[in-house]
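Heads up, the thing below is written out as structure tokens.
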């Protein structure tokens, strides 16, 4: 009977040792990956985000994801392309988060900048109508409008982030402005 319990303990010890060894191997693999590819990941993130602090945050997120997914990365040839895909996704996520935050901040700044002599109710209605109109645009138009007018990015930066040509960006902005004018004029006619 003592042999059976010691055998169970040995199995548990073996499982714990295996888990410990696998964890150490994963940490070692990610550490090695970081030493080898951290500069490349940071460079890509910086090129997309144009902000060193944000690029550092994204780089850290990428290697945290690498640690989580390390067992799926079997072939060393696929590590760098995988890191670049994850970096691109994390940059897009970061930009979306920044756009949402800056949109909220722009809305608050706009409200603070209102002239107290103006009718605040009318100005608030105009702002709400504009926000609803922008939100009502199809995503491909809404993204470029938000990047250009809320995030105040250049065509070059928008092109780098979205992969769109400057001509496509310009076309989408013109189409979005036409749609916004049409939507806002329809809202104005309803109010009259």
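Derivation of every value follows stated rules applied to the coordinates shown; laboratory data play no part. Since the model is a prediction, treat every value here as computed from it, not as a measurement. Here the Cβ is made from the backbone with ideal geometry for all residues, glycine too, and neighbour counts use every protein chain on show.
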Order of 90, 127 from fewest to most other C-beta atoms within 10 Å?
127, 90
Least to most buried among 161, 34, by other C-beta atoms within 10 Å and fewest first, runs 34, 161
From a point 7 Å beyond the Cα of residue 80 in the direction of its Cβ, which residues of the range 39-54 have a backbone N at a distance under 18 Å?
39-47
For the range 139-190, the spread of Cα positions along each principal axis, largest first, Å:
40, 19, 15
How long is the gain from residue 60 to residue 166 if the chain were fully straight, where each residue apart is worth 0.36 nm and the alpha carbon distance is subtracted?
35.1 nm
Among 66-72, 142-148, how do they line up from the highest to the lowest mean number of other beta-carbon atoms within 10 Å?
142-148, 66-72
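Taking 0.36 nm per residue of sequence separation and subtracting the Cα-Cα distance, how much length would be gained by fully extending the chain between residue 154 and residue 39, in nm to one decimal?
38.8 nm
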